[in-house]
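Below: the structure, in structure tokens.
The values are calculated or read from the model by the stated rules, or taken from the named source; none is laboratory data. Here the structure is a predicted model, which is why all the values come from computation and not from measurement. So basically every Cβ, Gly included, is an ideal-geometry build from the backbone, and we count neighbours across all protein chains shown. Heavy atoms of the whole protein, side chains included, go into the accessibility calculation; ligands, DNA and RNA do not. Shrake-Rupley method; radii C 1.70, N 1.55, O 1.52, S 1.80 Å.
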Amino acid sequence: MKIGVYPGSFDPVTNGHLDIIERASKIFDKLIVAVLVNPNKTPVFDIEERVELLKETTEHLPNVEVKAFKGLLIDFMKQENAKVIVKGLRAVSDFEYEFQMALLNKKLEPSIETIFMMTNSKYSYLSSSMVKEVARFGGCIEDLVPEKIAKKVMKKLNKKYAETEENK
Ligand code: PNS
């Protein structure tokens with residue numbers, strides 16, 4: 001069984017992430033979306049929320065699993081018996097950091113490969129940080145995050161929106 005792992009912070013999942021997940025799920029027998037519990041960062045969405053949003057987003061994909069992980073990615077890979085890390089590349093600016101991570105992971109565990117998928121050009125500008133900024137200032141995030149979770153993301157990030165929804 002070919003298992004791929006798509007790791008990230010997913011704070012929150014965007015349409016760009018979903019595009020990579022859908023395409024990668026066709027390449028592997030099983031794709032694990034691995035959500036990092038990072039003690040050095042304070043995410044806006046806690047680990048349970050990030051996992052839940054991803055589960056909702058991917059419920060139409062039967063071979064996709066969503067799991068949280070702590071520590072080194074390669075240790076999680078070994079635990080899951082997976083050999084391939086899947087990463088998305090949006091622009092040349094992503095390359096240097098991704099290249100460094102891929103080489104470091106290769107150094108730590110030579111049997112594990114990293115493969116890169118180019119993002120759909122529709123989403124090349126998109127990031128979780130952009131989504132948070134747009135939502136905080138009341139902009140429309142409908143085409144930026146999966147439709148199913150747009151309301152939840154707005155509720156979390158925009159107080160005014162949350163109050164209006166509560167009064168409906
Ligand atoms: O969505 P992000 O924040 O760009 O994802 C980064 C992630 C989670 C893929 C990366 O930080 C990671 O793999 N962290 C786990 C710790 C680790 O294995 N570090 C060594 C390789 S960089």
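Here are a few things to note about the model shown:
- Consider the stretch 98-112 and keep the residues that are surrounded by fewer than 13 Cβ atoms within 10 Å (Cβ to Cβ) and more than 8 Å from the ligand (Cβ to nearest atom). The one that is nearest to the chain's Cα centre (by Cα) is Leu103.
- Selected residue (only one of Glu65, Glu56, Glu49 is in a strand (DSSP E or B), more than 13 Å from the ligand (Cβ to nearest atom) and either over 12 Å from the mean Cα position of the chain (by Cα) or closer than 23 Å to Lys107 by Cβ (or both)): Glu65
- Between Lys122, Lys156, Lys152, Lys78, the distinction of being away from the ligand (no atom under 16 Å from the Cβ) and more than 18 Å from Arg50 (Cα to Cα) belongs to Lys122 only.
- Sole exception among (1) in a helix (DSSP H, G or I); (2) more than 19 Å from Gly4 (Cβ to Cβ); (3) open to solvent by 50 Å² or more (accessible area, probe 1.4 Å) for Asp75, by number: (2)
- Selection within the stretch 137-150 - surrounded by 15 or more Cβ atoms within 10 Å (Cβ to Cβ) and more than 21 Å from Leu89 (Cα to Cα): Ile141, Ile149, Ala150
- Scanning the stretch 10-54 for residues that are of a type in the set (D, E, K, R) and in contact with a Phe, Trp or Tyr (Cβ under 7 Å, 6 or more places away or on another chain) returns Asp11, Asp19, Arg50.
- Residue within the stretch 29-41 that is within 15 Å of the ligand (Cβ to nearest atom), of a type in the set (A, V, I, L, M), under 18 Å from Leu89 (Cβ atoms) and out of contact with any Asp or Glu (no Cβ under 9 Å at 6 or more places or on another chain) present: no
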